[in-house]
Amino acid sequence: MLLLAIESSCDETAVAVVRNGREILANLIISQIDIHARFGGVVPELASRQHLQAICPLVDAALAEAGVTLDQIEAVAVTRGPGLVGALLVGVSYAKALAFARQIPFIGVHHIEGHILAIQLEQEVAYPYLALAVSGGHSHLFRVDGIGEYRLLGRTIDDAAGEAFDKVAKMLGLPYPGGPVIDRLAIQGDASGVRFPRPMLKKANLDFSFSGMKTSVLTYIESLGDQLDENKIADIAASFQEAVVDVLLQKTLRAARAEGLSRIVVAGGVACNSGLRQEFLNTCCKESLDVYFPSPVLCGDNAAMLAVAADEYLARGACSCNDLNAVSNWPLVEAGQEFVVTT
Ligand code: KG4
Ligand code: ZN
């Protein structure tokens, strides 16, 4: 099955060509960061407009890089949600129109389903596994028993981890997106410089909260007044990152123990974080747990990640209908249950 995949849920337009749900022939991404950076975050209307401009040439470029023509594409996959509805609609409308014109099936995939299955493009991770999805919009723990079989174990009750990174960076006067900047600064800083709280760790459940941590950073910055210099910024970055990673790690370990799972997949943009990777690797090694991270290009938003689920659903005879709409708020556990089975 030769699949064209399209992702446009936020501020990256992405197109991939993937064979048999595993072999990536092209995986192209156009980031809109430069456009949104001056506003300190993603501006939805600008995002939609940029997707509209980028999508046609990007599909052409992906086909050329893959060395295939449109005639050879057998199905189209697209992110249906969650995300910015105007941004999602660009991808969904394009995918539907293309599939209709070519008379090939198309399928709407859940964005987080893409993230937590992306690892399968690089190495086969046996089911069941625990997935920690950490991105700009999500901090969720799922039990993954197979493609389409997900159980939500815990989630953030307020901000997502990536959102907290971005907001703290903004407080420190650092550019958007803040995650990669804080990651770089944290390497130079002293993580024991400030002890930020670890919210929800004492609660027995598997939920997260990052809003209070963010407020503590703000209070600390305000207390410094004009003493906030480059060294202090690096210490705050290191201390904040350590606090986020600590909470993510402790809750993930708790979930793995509760579910009796020995494999952990960390996915989404925040899974690029070097401190997070190191801490998870060290601790999981001590605890005899296997931890997997996709390559950075497959952690952040991309279209190839949609192919794993799309290929499987299409092979089961499922596909989406022409009236499929984008869904800005779509729980993962409901995804995969709404397809029309054609065979
Ligand atoms: O998965 P993703 O590309 O898009 C969403 O689905 O949200 O994740 C983007 C998020 C942003 O909040 C960004 O700051 C964060 O991932 N991020 C990082 C790093 N790289 C990206 N956070 C911490 N450390 C990083 N190295
Ligand atoms: Zn994402």
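Overall size of the stretch 86-179 from C-alpha positions, given as principal axis extents largest first: 51, 34, 26 Å. Placing +1 on the Cβ of every Lys and Arg and -1 on the Cβ of every Asp and Glu, with no other charges, gives the chain a dipole of roughly 640 debye about its Cα centre. Which log10 I(q)/I(0) values does the stretch 247-343 give at q = 0.24 Å⁻¹ under the Debye formula, counting every alpha carbon as one identical point scatterer? Values returned for q = 0.24 Å⁻¹ are -1.23. Relative to the dominant Cα principal axis of the chain, helix 178-188 is inclined by about 40°. Taken per residue, the accessible surface of the chain reaches 41 Å², heavy atoms only and a 1.4 Å probe.
Classification of the stretch 1-115 by its C-alpha gyration tensor yields a prolate form. The axis ratio a/c (a ≥ b ≥ c) is 1.5 or more, and a/b outweighs b/c. Take the Cβ atoms of Ala64 and Phe39, set R0 to 35 Å, and the FRET efficiency comes out at 0.60. Based on the Kirkwood radius over alpha-carbon pairs, what value in µm²/s does the Stokes-Einstein equation return for the translational diffusion coefficient of the chain at 4 °C and 1.567 mPa s? The calculation lands on 63 µm²/s.
In the stretch 125-293, a dipole from Cβ-located charges (positive for Lys and Arg, negative for Asp and Glu) runs towards its positive end, and of Phe240, Phe293, Val144 it is Val144 whose Cα lies farthest in that direction.
A simple count of charges around Ala95, restricted to other residues whose Cβ falls under 12 Å of its Cβ and scoring Lys, Arg +1 and Asp, Glu -1, yields +2. Expressed as a whole percent, the accessible area of the chain that falls on carbon and sulfur atoms is 51 (1.4 Å probe). Looking at the stretch 32-132, the GluC sites (Glu not before Pro) that sit in a DSSP loop and have at most 15 other Cβ atoms within 10 Å of their own Cβ are Glu74, Glu122, Glu124.
Looking at the stretch 125-293, the DSSP beta bridges with both ends there are about 60 percent antiparallel.
The phi-based Karplus calculation (6.51 cos²θ - 1.76 cosθ + 1.60; θ = phi - 60°) puts the 3J(HN,Hα) values of the stretch 34-50 at 4, 6, 7, 3, 5, 9, x, x, 6, 9, x, 5, 5, 4, 4, 4, 5 Hz, whole numbers, x for Gly and Pro. Where only DSSP H runs of four or more residues are counted, the chain gives -13500 deg cm²/dmol as its mean residue ellipticity at 222 nm, each run worth -39500 (n - 2.57). Distances between placed amide hydrogens fall under 5 Å for Ser135 paired with Ala161, Gly162, Val270, all partners being 5 or more residues away or on another chain. Among the trypsin sites (Lys or Arg not before Pro) found in the stretch 12-68, those both in a DSSP coil and sparsely packed, with 16 or fewer other Cβ atoms within 10 Å of their Cβ, are Arg22, Arg38. Against the chain, whose longest principal axis is taken from its Cα atoms, helix 211-224 shows a tilt of about 40°. Across the chain, C-alpha contacts under 8 Å between residues 6 or more apart give a mean separation that, scaled by the residue count, equals a relative contact order of 24 percent. The charge dipole of the stretch 95-196, taken about the Cα centre with unit charges on the Cβ atoms of Lys, Arg (+1) and Asp, Glu (-1), comes to about 240 debye, rounded to the nearest 20.
What you get for the stretch 125-293, charging only the Cβ of Lys and Arg (+1) and of Asp and Glu (-1), is a dipole of about 540 debye around the Cα centre. Beta bridges assigned by DSSP with both partners in the chain are antiparallel in approximately 60 percent of cases. Between Gln278 and Ile157, how many nm apart are label points set 7 Å from Cα along the C-beta direction? Placing both labels 7 Å along Cα→Cβ, they lie 3.2 nm apart.
Remark on the stretch 125-293: ratio of C-alpha radius of gyration to 2.2 N^0.38 Å is 1.03.
The values are calculated or read from the model by the stated rules, or taken from the named source; none is laboratory data. Because the structure is a prediction, the values reported are computed rather than measured. Heads up, the Cβs are rebuilt from the backbone with ideal geometry, glycines too, and the neighbour counts pull from every protein chain shown. When the accessible area is computed, the model is the full protein with side chains, heavy atoms only, and any ligands, DNA or RNA have been set aside. Shrake-Rupley method; radii C 1.70, N 1.55, O 1.52, S 1.80 Å.
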